[in-house]
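Step one of this worksheet: look at the structure below.
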2 protein chains.
Amino acid sequence: MLHHIGAAGGVAAVAGAMQSMGWFGAAHAATLEPMPGNLGNGRSVIVLGAGFAGLVAAYELEQRGFSVTLLEARGRVGGKAWTVRDGDTIKMQGEADQVARFSEGLYFNAGPARLPSFHQGVLGYAKRFGVPLEVEVNSSRSAYLVGKNGRKLRMRTAINDMRGHVSELLAKAVNQGALDQALSVDEKAQLLPFLKAYGDLEGEYEFKGTTRSGLRTSPGAGVSSFETAGAPVPLSELLANEQIAMMGFEDNLYMQATMFQPVGGMDQISVGIERNLQQRAVLNADVRRIRQSASGVDIAYIDTGTGTARTLKADYCVCTIPFPVLAGIDANFSKPVASAIAGVVYEDSNKVAFEAPRFWEQDQIYGGLTFVGGETSLIWYPSWGLHGERGMILGCYSSGPPGKAFAQRPLTEQIAMARAAIESVHPGHGDECSAPLVVNWRKVPYSLGPWPNWTPGARGRGEHAATDTPAFRLLNQPDGRIVFASAALSQTPGWQEGALASAHASVAAIVRQMAERSVTERSPRAAAA
Amino acid sequence: MLHHIGAAGGVAAVAGAMQSMGWFGAAHAATLEPMPGNLGNGRSVIVLGAGFAGLVAAYELEQRGFSVTLLEARGRVGGKAWTVRDGDTIKMQGEADQVARFSEGLYFNAGPARLPSFHQGVLGYAKRFGVPLEVEVNSSRSAYLVGKNGRKLRMRTAINDMRGHVSELLAKAVNQGALDQALSVDEKAQLLPFLKAYGDLEGEYEFKGTTRSGLRTSPGAGVSSFETAGAPVPLSELLANEQIAMMGFEDNLYMQATMFQPVGGMDQISVGIERNLQQRAVLNADVRRIRQSASGVDIAYIDTGTGTARTLKADYCVCTIPFPVLAGIDANFSKPVASAIAGVVYEDSNKVAFEAPRFWEQDQIYGGLTFVGGETSLIWYPSWGLHGERGMILGCYSSGPPGKAFAQRPLTEQIAMARAAIESVHPGHGDECSAPLVVNWRKVPYSLGPWPNWTPGARGRGEHAATDTPAFRLLNQPDGRIVFASAALSQTPGWQEGALASAHASVAAIVRQMAERSVTERSPRAAAA
């Protein structure tokens, strides 16, 4: 009760409760409940899509004895967990191809690029398959909040000067007796010294600046220059910075330290799972027709490598194809399901990457995010290759309405805007940014968007739009022998952990169907016996 | 003016000012001002001590043409930057030897273990000598604050629930008009929405809990469990936690993200500098006598490897020997200097290390610090080897008066207390901690303490006790041809950057003496000519 121990406790507690409910219910836990390894023997499943959800579903089904065929339209696995390396081509609908030309060791995580500590499912697969992880620096006190007037606040200054002002104001109100009804005598007595420490206040609870916000003079040797704090930034100036609330970004649960990234690129976890499949993924398999009957599922696809048309048959299908793509595939889904699929609205999400000499390190920035707002939203500094010659920097990572507007601009304009954002924060360095690459996820074939917004226009208090809509509920149910799975069908559509939870749910759903069918199918025989 | 840009700006600004003052004054900057590479040609310097200050002094003197002999009493360089590895022995005065028995890849940084982003001097040497760095996770939202009653608050809960309460209280006071004299109408209008975002308040500025503090239920797939926040921890309970102020530890400038550690151990930077000396360090050279005359400095030492007595002569000496050690060496310092050396009071600092299976990772802790208070002070989790089998964990890192009391206990008791601290936070895991090692720096030969406290009993507002005392000023001056250097003579006695600043100052001091002597020594000849 005292400490809400976060997701770990939550999952553990729920997993505990699930024990008594059996292994059908634990789909949202980081690991599937134990099931017999021969459970699926003699049953076949086709998994459509080797993104994170498809890979996890295929692996977990194989572990339970199913015969699994995993079809992937692209020439690589990982889906949106896409790491672009030197020589790779970015194809987007309506845009000229972009070819990556990176210096050695550089890469660009075009999709997901960070893993929170509480995403124990994804972290668990990385551990199981020996994928090395490293710290992703998601918050640096040296990064900036940039106001519309171009004024930059160091994160350390914004955070600590604001805390100083807030503490001073609250102490003043407490000392005036203004909160005597809200605070007990004990609370009041304890709150005042706390505020002194919290805000680094002096004397009679006055905030006169703090070395936490940076130094006016640096400590040295001898008596040449003693450490001194600068004067605080006035409260009005802090509040006038349009990005000021982003100082709290690091305390969004999904963004809290410690965060991770796979060494060498986010695709490495997907690659690690695929490497451990008994039957490896079939690449370049562009699905053209999905048909199911009472006895099974038929899939027709084109091998885009050779142009050959192929068909496959299985008892069940796990379909992880993004809904905007699936809406264009010939399928005999039930009418409500087909209608729901056609209605899912996907968001926009964009990244613009450059490589550059590490000018941000000269400014003592090592990883983290600078918030600039507008259509480019932020600058993201690399967490790897510290002190190397060159590094990868994002000049834009935007989504939502600003991201939608951004994606409609010509690529050259997007690149120019991202470069200008970097130049405005790091004067003189915009032109050092080379090898630009743009990803507008709405234009990426076989994705057509980064994640859905189940309730367009509405956003919950948390990070994610509310997902609990009729369409969400319907698509979370199997349509006959076809089970849908993807991060889109989780409550965290923008996270691989959501894909994993959905994949686990799909395994449970197939097992549940088998159990039900087994009763139905056995009954006539039992009657005949 | 707007942004106090911290040490970088400070150093750059000061360095700029120094340009016009010439290269004598820039000793506290991260890099020494340019000096001719042949400046010291024909002059010799003995540097005593191959800790960080001695290494930097030796390297920089060599770069300027001096002939340098670097004497080190220990069998290794690095001084307090001491990385203990499997098979190494920890010798302490009055204690039995401890031999490290670690699993492969584990090590223990017995001294400094983290580098702040603004310590550009140390980071610069690491870069120059190709010493790879990795991120040191100094703050994890999954770590704990542990009250005396044993109650644990997750850092994420403490930080975000406190911010929620503080924001709610301040909003209440603002809305009551209690701060109308302190705030302008504009500030008031901007402050309220800011507080809503800052504290994650609802409706009429009420704090009802936040997912930032952790989840009561975790988001999953489908509709089985939607993300919900827990109820907030009451303000009185937060305030009752004796460690509550330590939530702000991460905003101490010296502790702010991004922090680093050298890959493989802190000694790697020292080793990297030593590897680049023209004349490598003389190890096992235990200095027994220091004599200076008008013409030079004579040093007598024992080669402790062979027992051979040796003597050396040079024009100048940079002495980095810790003052408690130096006080015991036969030397002809001036009386005030000898008296000052004898009077320097050193602090206590202790670490207790264990290796263990990574049970903290099961609790979603990856690096960072748990604060427990008392004589053991904190638990420090490793930032490297994520997802490995075993890791290094500190059950104690204490200094100040609690550290002094701790160091007086028998080693077995120190180990038991450190283990108990870990057990109290991670029940059932105390006994999994094996291979204990204790370092009490006051007992370590050739160190006899981690750093001085120039003003015992007094502490400044910042992290460091005020250093500006008569003894500090005196020892920051050369005593004839002997120049003292070490972190102890900087304004940050606990940091390698302080050692570096002092070493740079010692180079400048020798060059200044040379210039002065050159005038004096030339005069008679000029008169004779």
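Bear in mind these aren't lab numbers, they're just calculated from the coordinates by the rules spelled out. Given the structure is predicted, the values throughout are model-derived calculations rather than measurements. Positions of Cβ are generated from backbone atoms using ideal geometry, with glycine treated the same way; all protein chains shown enter the neighbour counts.
A protection proxy built from the mean count of other Cβ atoms within 10 Å ranks the segments B:334-343, A:442-451, most packed first, as A:442-451, B:334-343. For chain A, the antiparallel share of DSSP beta bridges with both residues in that region comes to about 75%. Efficiency by 1/(1 + (r/R0)^6): what FRET value for A:Glu237 and B:Arg128, r their Cβ-Cβ distance, R0 = 56 Å, to the nearest 0.05? Efficiency computed from Cβ-Cβ geometry: 0.90.
With one equal scatterer per alpha carbon and no solvent term, the Debye-computed log10 I(q)/I(0) for the protein assembly as shown at 0.04, 0.05, 0.10 1/Å reads -0.23, -0.36, -1.26. The angle separating the long axis of helix B:185-199 from the principal Cα axis of greatest extent in chain B is about 90 degrees. Highest mean first, the peptides A:32-39, A:391-398 sorted by other C-beta atoms within 10 Å per residue fall in the order A:391-398, A:32-39. I'd like the antiparallel share, as a percent to the nearest 5, of DSSP beta bridges with both residues in the protein assembly as shown. So the antiparallel bridges in the protein assembly as shown amount to around 75 percent. Estimated from the Cβ-Cβ distance and a Förster radius of 25 angstrom, the FRET efficiency linking A:Lys313 and A:Gln477 is about 0.60.
Legend: mean number of C-beta atoms from other chains within 10 angstrom of residue C-beta atoms, peptide A:141-151, equals 3.
Extension gain, A:Thr228 to A:Arg275, is 11.3 nm, computed as 0.36 nm per intervening residue step minus the present C-alpha separation. Between A:Thr455 and B:Thr455, the FRET efficiency from the beta-carbon distance, with R0 = 56 Å, is close to 0.35. Its Kirkwood hydrodynamic radius, worked out from the mean inverse distance over all distinct Cα pairs, puts chain A at 25.6 Å. Summary for A:Arg101: label point 7 Å along Cα→Cβ; distances to the equivalent points in the other copies, ascending, 6.0 nm. Can you give me the angle between helix A:6-21 and the longest principal axis of chain A, using Cα atoms only, in degrees from 0 to 90, rounded to the nearest 10? Helix A:6-21 sits roughly 30 degrees off the main axis of chain A. Neighbouring Cβ atoms from other chains, within 10 Å of the Cβ of residues in A:112-118, number 3 on average.
Distances between copies at A:Ser184, taken between label points 7 Å from Cα along the C-beta direction, are 4.1 nm in increasing order. Using a simple spin-label model with pseudo-atoms 7 Å out from Cα toward Cβ, B:Glu202 and A:Leu192 lie 3.3 nm apart. If each Cα of region A:155-240 is one equal point scatterer, what is log10 of I(q)/I(0) from the Debye formula at q = 0.12 Å⁻¹? Summing over Cα pairs of region A:155-240 leads to -0.42.
Shielding by partners for peptide B:160-167, expressed as the average number of C-beta atoms from other protein chains within 10 Å of each residue's C-beta, is 4.
Between copies, the label points of B:Thr31, set 7 Å from Cα on the Cα→Cβ line, lie 5.1 nm apart, reported in increasing order to one decimal in nanometres.
For region A:504-515, putting each phi into the Karplus relation 6.51 cos²θ - 1.76 cosθ + 1.60 with θ = phi - 60° gives couplings of 4, 4, 5, 5, 4, 5, 5, 5, 5, 4, 4, 4 Hz, in residue order, rounded to whole numbers and with x for Gly and Pro. Each of the peptides A:344-352, A:489-497 was scored by the mean count of other Cβ atoms within 10 Å over its residues; in descending order, highest first, they stand as A:489-497, A:344-352.
Under the simplified labelling scheme, the A:Ala420-B:Glu516 pair shows an inter-label distance of 5.8 nm, with each label point 7 Å from Cα along Cα→Cβ.
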